[in-house]
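Only the coordinates and a few stated rules stand behind these numbers; no lab work does. Because the structure is a prediction, the values reported are computed rather than measured. Please note: Cβ atoms are built from the backbone with ideal geometry, for glycine as well, and neighbour counts cover all protein chains shown.
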Amino acid sequence: MGEKGLSQRGATAVGALSMLFWGMMAGFERLTSQAFGAQLGVGVIYLFAVPLAFLLRRPERPSAYGWRYLLVSGLLFAGTDVLTGLAIGLASTPTQAVQVTIVNYLWPTLTVLGTLAANRGAHANWLIVPGTLIATLGVATVVGGDAGLDPAAIAANVASNPLPFACALGDALCWSTYSVVTPRISGGKDALAYFFTMSMLAGWAVWAVTSLVAGPQLPREALTPLSFAMPLAAAVVLVLGYYCWNVGILRGNAATLSMVSYVTPVCSGVASAIILSLTLAPSFYVRLALVVAGSLISLLSTRGDKNNV
């Protein structure tokens, strides 16, 4: 993409494109799981994603990165990707797939809290409390569906199919931990292609274990060349999302990108509705706005601190 010749503004614009790519990811992953099943679908997506990742950014030899970075950050990255795919694929309905995707967007608030816990020199003002509460309430109202902030409706929805919600929460915890830990151990290097390889291996391992325990996890329908269009699309938007983000972070304005990244839940909700042919009520987007607002308030609580997120 010739990113070396980009100005800072151009690199920031490229970084902002990652929100659009990541927004489309949930819809394509859901369609993949409908054809291949949740476990097999994750593995198939990464069969396409790994060569694309190596093509876009050829990495150095593994020894150049440091084994602590490769293992710790790589495992957290792989955990994030596999749990995302399982959460979306195991959802009972397309609407529930969108809901579990929004649960994942607790990660910005969890990242702020994790940074404060991990860095003794980091401080936040009183905004951290309302920010965390608003983001959490926003996610709760999304999970509550039409009933909104109704504890009984939220509990009933989660209890009807708890595994995807647990995967989505685990996804948020993995990615927020990755976001806190990686800058401290990466040495400024980028091992993205190797991390995608670890995600592929983890995805196929989950499929193999599931097949051994519950019987062969095979595609849900007869496969045709067109069947592979959705995992290919999922792989493309996944890899391009990470690639554009890295261009923006390395060469653009990181502070601007940090703020812009908080609109990703909105992009995800809109794109998923289009790709999955869903009609989401206007109240859904109001609830998404609560998630975004709470995350932004949490971020703003750290402004002015030399160790801010």
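Which of Val100, Gln39, Leu55 sits farthest toward the positive end of the charge dipole of the chain, with +1 on the Cβ of Lys and Arg and -1 on the Cβ of Asp and Glu?
Looking along the dipole axis, the top candidate is Leu55.
For the chain, what is the largest minus smallest coordinate of the Cα atoms on each principal axis, given in angstrom and ordered from greatest to least?
55, 51, 34
Can you compute the modelled spin-label distance between Asn161 and Arg58, with each label point 7 Å from Cα toward Cβ, in nm?
My value for the distance between the label points is 4.4 nm.
Grab the Cα-Cα distance for Leu133 and Val286, subtract it from 0.36 nm times how many residues apart they are, and report the gain in nm with one decimal.
Gain on stretching Leu133 to Val286: 53.5 nm.
Taking the Cα centre of region 3-300 as origin and charging only Cβ (+1 Lys, Arg; -1 Asp, Glu), how large is the dipole, in debye to the nearest 20?
For region 3-300, the charge dipole is close to 780 debye.
For a quick check, take a GNM of the chain with Cα springs below 10 Å and name the residue from Ala233, Ala49, Ala214 with the largest mean-square fluctuation.
Ala214
Given region 25-82 reduced to its alpha-carbon atoms as identical point scatterers, what log10 I(q)/I(0) does the Debye formula return at q = 0.14 Å⁻¹?
The calculated log intensity ratios at q = 0.14 Å⁻¹ are -0.51.
Dividing the alpha-carbon Rg of region 66-158 by 2.2 N^0.38 Å yields what?
For region 66-158, the normalised Cα radius of gyration is 1.32.
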